[in-house]
Protein chains: 4
Amino acid sequence: MHGPPSNLPTRRTRRKDARPSEIREAALALFSERGFAATRLGDVAERAGVGKGTIYLYFPNKEELFRAVVRHDLLPNLEALEAVADSDATTATTTLRTILFALLATCDRPISAIPKLVIAEAGNFPALARFYVEEVTARGRRLIERVLRRGIEQGEFRAIDVPLTVPLVVAPALMLVLWNTSLSPYAEAPLDPVKVLEHHLDVLFRGLAPIQPSP
Amino acid sequence: MHGPPSNLPTRRTRRKDARPSEIREAALALFSERGFAATRLGDVAERAGVGKGTIYLYFPNKEELFRAVVRHDLLPNLEALEAVADSDATTATTTLRTILFALLATCDRPISAIPKLVIAEAGNFPALARFYVEEVTARGRRLIERVLRRGIEQGEFRAIDVPLTVPLVVAPALMLVLWNTSLSPYAEAPLDPVKVLEHHLDVLFRGLAPIQPSP
Amino acid sequence: MHGPPSNLPTRRTRRKDARPSEIREAALALFSERGFAATRLGDVAERAGVGKGTIYLYFPNKEELFRAVVRHDLLPNLEALEAVADSDATTATTTLRTILFALLATCDRPISAIPKLVIAEAGNFPALARFYVEEVTARGRRLIERVLRRGIEQGEFRAIDVPLTVPLVVAPALMLVLWNTSLSPYAEAPLDPVKVLEHHLDVLFRGLAPIQPSP
Amino acid sequence: MHGPPSNLPTRRTRRKDARPSEIREAALALFSERGFAATRLGDVAERAGVGKGTIYLYFPNKEELFRAVVRHDLLPNLEALEAVADSDATTATTTLRTILFALLATCDRPISAIPKLVIAEAGNFPALARFYVEEVTARGRRLIERVLRRGIEQGEFRAIDVPLTVPLVVAPALMLVLWNTSLSPYAEAPLDPVKVLEHHLDVLFRGLAPIQPSP
DNA sequence: CATGAATGAGACTTCATTCAT
DNA sequence: TATGAATGAAGTCTCATTCAT
């Protein structure tokens, strides 16, 4: 009963391979709740179900763990968005709608706390901030710019200044994400993020609509 | 009427009275650079030009100093905005423009870091978060709502859902403030916040404009 | 039944198990020399041969270390006395002699400083004081009372008021213990505690002796 | 209306002269409650109704204040006892009774805490301990010895070893004083110190009584 | 003389990091 | 590979002491 020399990892290997992710997940959860400094590695270890020392087998120190958490979960996320955007063969309008709703959808997942973390710790982690700016902010910006240009070319939007428009498109969605990961638990009457986003798109697209030729 | 009321503070008194502000200012500067936990009270003392122990003559502990910093600089700021908004006898459009530019103008002052601080530490300071939500977020929201309603009544805007519109109005300005206090130093081509805000208002007001009756 | 039950502690385990005692012993020595407040945990750590942080692996804070020291060494001591007293099948006179000499004998051991410590810190540690009163003072009193009653029943002592007599029996021995742990190093001509105690017993037993019927 | 150039101190002078005592009294009260280290000079100042700095006009530092408190109140007290003892023309028995009740009577006054304080801090204040041993313990011992010798000479006591007897005489009274200033608040059924002392004297004098010549 | 604001040394305590097992 | 006991640097906070007023 030896079967084929399977590529399936052994239990041990699989567990071993899973370690870094387990640790990163635990760390992300705690970082996003408490911030970088207030998170104790002992708690991360406990939550990940490993010993404290084990963390150091995979990450050289707390700072690098933080960086790993942010960097690891960032790119896949952004790439997903890019895929959404570029593979989409429909109108620019629809593409933007898809992108923003995808962004908002991260609210259900722990990674939605990453923007908050990066904003909070940018001063203490310049390298991370630079990485984030280059790999997330800038790429995200270019992504939106492409879509906006397509929309202009296709007559969906009037000929606005594209770089200046990007923040307008993104800001409400980002604000919803930040709100959700920080202050929303303390508000009495919570916003319905989906409604807000729908309304945003409505107002935005009216604002970007080509000017009606007067008869 | 025996000559001038000699309530000029003595040198000593003046110095003493100034201490809390000096300390709060130093603390705000460091908190906004490094965040709450990464700021050492020793550094605050040094920056304020006082001894370490002096801080404790005016603030019972680090947390309360943090709260004092936030609370002290917040309300005057908001009240200034409210004054700007409500005393304004012009159109709602102009009022919104004034408010958002006033918000953006805080970027030159240290208080602009407070939103970032509160967002970052909300999880660790629930009472502060609640205070912020109630006294800043909620008041600010009501302020914008008033102006929007006025704009609708006066025919400047179409009959949009007011509460849902507030985030759209505010988000770009807030994002600019957050950007300025965190990631902007790491970006290569910095945004021109004034241009962004102008563009935002342009797009927004088009988006909110009453629907043209078709001829 | 697979060979000897290998519950021999490993080197590591043994070391670990010994830590609390080592720390308590070091703490007792220093507390008894200097008192609670004047003892620095750094010194305790050094004396115990561990790092400062190690203390906190076993005791949550300085107060609890103090309590642990007192409580841990107290009861075994008292229980030893109770065993001495109750298992004794001889006369009450002999039993009292045994008890008091056992009490005096603690002077060779660090625990003899505990009464001094408790007396000195009772005001700052009400819970500890209460514990001491209930578990040591009261139990000790009842112990002596039992012996005195036996002595009266057996005609060794006259019918004195038992509760009032307890302090008379104990006071000289206690005073010797306090003297030994505080002032005796500063006295020129030290008392011989054994002689004092012998004399005490002689005078006491004469004082408690049944009244001779006059012929 | 100038009157005679009175020697009565002016209000200011009187207040000034009283300062040191007021401070010492406040300090004694707090030292006896909390011990030396746990007493803050700020509290002493407040209780004495003076500014913190004022203490330093009369005492060079906390340690010297402590010494002054102990030394100041000690000798008058002891001298009073000596006067009681030596001026007494009655029997030795009566003299001892008077001395011990005078000792017990201090329990109503704050100075009764001094023995506790000295015992607790002897290790940290060797000079004070030596002073106490020489000026209080030794003098007190000699005082009692004189009375005991007189009692022996006058046939009130049998020919006991006088130095060995001193502790027996004093111990119960001292123990009552210590008990009163430390643990008694935590005991449920408080001792009646007067009854105990009466009983002590009764038992003691029987124990010291000359041996009855057998008929 | 008297004050109390200011100071900074020093204590307790935490926690990232190491390393023997 | 994995652990967690041990460490000690570093931070917060207290309070005896000073000194300008």
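Okay, here's what the table says:
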quantity: Segment A:19-31, residues that are surrounded by fewer than 18 Cβ atoms within 10 Å (Cβ to Cβ) and of a type in the set (Lys, Arg); calculated: A:Arg19
quantity: Qualifying residues in segment D:72-110 (those that are of a type in the set (A, V, I, L, M) and free of Cβ contacts under 8 Å to residues at least 12 places away in the same chain) - the one surrounded by the fewest Cβ atoms within 10 Å (Cβ to Cβ); calculated: D:Ala89
quantity: Pairs with Cβ under 9 Å, 6+ apart, first in segment B:46-71 and in contact (Cβ under 8 Å) with a residue 12 or more places away in the chain and within 19 Å of B:Arg109 (Cα to Cα), second of a type in the set (S, T, N, Q) and near DNA strand E (Cβ under 8 Å from one of its atoms); calculated: B:Ala48/B:Thr54
quantity: Single match in B:Arg130, B:Arg139, B:Arg34 (criterion: within 16 Å of DNA strand E (Cβ to nearest atom) and surrounded by 14 or more Cβ atoms within 10 Å (Cβ to Cβ)); calculated: B:Arg34
quantity: Per-region count, segment B:52-69, residues surrounded by fewer than 17 Cβ atoms within 10 Å (Cβ to Cβ) and either in a helix (DSSP H, G or I) or more than 8 Å from DNA strand F (Cβ to nearest atom) (or both); calculated: 8
quantity: Filter result for A:Arg47 (at pLDDT 95 or above, among the basic types (Lys, Arg) and within 10 Å of DNA strand E (Cβ to nearest atom)); calculated: no
quantity: Test: D:Gly123 is within 16 Å of DNA strand E (Cβ to nearest atom), assigned to a loop (DSSP other than H, G, I, E, B) and not charged (D, E, K, R); calculated: yes
quantity: Hits in segment D:178-198 - residues which are under 25 Å from D:Thr91 (Cβ atoms) and crowded, with 20+ Cβ neighbours inside 10 Å; calculated: D:Pro193, D:Val196, D:Leu197
quantity: Helices (runs of 4 or more DSSP H) within segment A:127-215 that include 3 or more residues facing another protein chain (nearest Cβ under 7 Å); calculated: A:162-181, A:193-208
quantity: Count - residues of segment D:63-82 that are more than 16 Å from DNA strand E (Cβ to nearest atom) and within 14 Å of another protein chain (Cβ to nearest Cβ); calculated: 3
quantity: Counted residues, segment C:37-51 - those being surrounded by 21 or more Cβ atoms within 10 Å (Cβ to Cβ) and part of a helix (DSSP H, G or I); calculated: 2
quantity: In segment A:38-73, the residues that are farther than 23 Å from B:Ala122 by Cα and of a type in the set (A, V, I, L, M); calculated: A:Ala45, A:Ala48, A:Val50, A:Ile55, A:Leu57, A:Ala68
quantity: So A:Phe59, is it touching an Asp or Glu at 6+ places or on another chain (Cβ under 9 Å) and within 16 Å of DNA strand E (Cβ to nearest atom); calculated: no
quantity: Subset of segment C:18-40 [away from every other protein chain (no Cβ under 14 Å) and within 13 Å of DNA strand F (Cβ to nearest atom)]; calculated: C:Ala18, C:Arg19, C:Pro20, C:Ser21, C:Glu22, C:Ile23, C:Ala26
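Okay, residues lined up against (1) over 26 Å from A:Leu164 (Cβ atoms); (2) at pLDDT 95 or above:
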site	(1), (2)
B:Ser87	yes, no
B:Lys116	no, yes
B:Phe125	yes, no
B:Glu134	yes, no
B:Val147	no, no
B:Pro172	no, yes
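The values are calculated or read from the model by the stated rules, or taken from the named source; none is laboratory data. Everything numeric here is computed off the predicted structure, so don't read it as measured data. Note: ideal-geometry Cβ built from the backbone for every residue, glycine included; neighbour counts use all protein chains shown.
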